[in-house]
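K.L.:
Just passing along the structure, written as structure tokens.
Throughout, read-outs are computed from the coordinates displayed, never taken from laboratory work. Keep in mind that this is a model prediction, so the values were computed, not measured. Cβ placement follows ideal geometry from the backbone for every residue including glycine, while neighbour counts extend to all protein chains displayed.
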Amino acid sequence: MADFTLDPATLRDLADEGNEQALDRLADLADARGDVDELSELLDEGSTHAGRLLTRRAVEARDLRELQRVSDAGYEPAGDELARLLAGES
């Protein structure tokens, strides 16, 4: 199978049409670039994958405020991670 680069504009068009895989791929690309702002925008659009990636980053950084924000944006596992950290679990 040939390796090819996905065009972000095409992915965006597909995501805007409701394609969740395209939305997930945009989140992966943003994560690879370290673009937390774009990940946050994707979370606001309903991307649970973006929520997962943001949660992973926040846990690694022990960023309690970011975990609260991601949880408030609708990604419940971020709230679970926040509770775990607040309880002193590692």
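K.L.:
Run down LEU54, LEU42, LEU85, LEU67 and say which single residue is more than 14 Å from the chain's Cα centre (by Cα) and without any contact (Cβ under 8 Å) to a residue 60 or more places away in the chain.
P.N.:
Details: LEU54 fails: more than 14 Å from the chain's Cα centre (by Cα); LEU42 fails: more than 14 Å from the chain's Cα centre (by Cα); LEU67 fails: more than 14 Å from the chain's Cα centre (by Cα).
Exactly one residue qualifies, and that residue is LEU85.
K.L.:
Now for a different question. From (1) small (Gly, Ala, Ser); (2) assigned to a helix (DSSP H, G or I); (3) over 24 Å from PRO8 (Cβ atoms), pick out the condition that doesn't hold for SER90.
P.N.:
All conditions pass for SER90, except number (2).
K.L.:
Turning to a different aspect of this structure: Which residue is surrounded by the most Cβ atoms within 10 Å (Cβ to Cβ), if the candidates are limited to segment 27-36 and must be within 16 Å of LEU6 (Cβ to Cβ) and either hydrophobic (A, V, I, L, M, F, W, C) or in contact (Cβ under 8 Å) with a residue 12 or more places away in the chain (or both)?
P.N.:
Here is the first cut: in segment 27-36, the ones within 16 Å of LEU6 (Cβ to Cβ) are 27-33, 35.
Subset that is either hydrophobic (A, V, I, L, M, F, W, C) or in contact (Cβ under 8 Å) with a residue 12 or more places away in the chain (or both): 27-32.
Values: ALA27: 26, ASP28: 16, LEU29: 16, ALA30: 22, ASP31: 20, ALA32: 9.
Here the answer is ALA27.
K.L.:
Within segment 59-90, count every residue that is among the hydroxyl-bearing types (Ser, Thr, Tyr) and surrounded by 17 or more Cβ atoms within 10 Å (Cβ to Cβ). Full working, then the answer.
P.N.:
Step one: of segment 59-90, the residues among the hydroxyl-bearing types (Ser, Thr, Tyr) are 71, 75, 90.
Next, from what is left, pick out any that are surrounded by 17 or more Cβ atoms within 10 Å (Cβ to Cβ): 71, 75.
Of the residues in segment 59-90, 2 are among the hydroxyl-bearing types (Ser, Thr, Tyr) and surrounded by 17 or more Cβ atoms within 10 Å (Cβ to Cβ).
K.L.:
Would you check if GLY74 is within 12 Å of the chain's Cα centre (by Cα), in contact (Cβ under 8 Å) with a residue 24 or more places away in the chain and part of a helix (DSSP H, G or I)? Steps first, please.
P.N.:
Numbers: within 12 Å of the chain's Cα centre (by Cα): yes; in contact (Cβ under 8 Å) with a residue 24 or more places away in the chain: yes; part of a helix (DSSP H, G or I): no.
No, not satisfied.
K.L.:
Within segment 37-58, restricting attention to residues that are outside any helix (DSSP H, G or I) and either touching a Gly at 6+ places or on another chain (Cβ under 9 Å) or not charged (D, E, K, R) (or both), which residue is surrounded by the most Cβ atoms within 10 Å (Cβ to Cβ)? Explain how you work it out, then say what you get.
P.N.:
Taking segment 37-58 first, the residues outside any helix (DSSP H, G or I) are 45-47.
Still in the list and also either touching a Gly at 6+ places or on another chain (Cβ under 9 Å) or not charged (D, E, K, R) (or both): 46-47.
On the way: GLY46: 15, SER47: 22.
If we take residues in segment 37-58 being outside any helix (DSSP H, G or I) and either touching a Gly at 6+ places or on another chain (Cβ under 9 Å) or not charged (D, E, K, R) (or both), then SER47 is surrounded by the most Cβ atoms within 10 Å (Cβ to Cβ).
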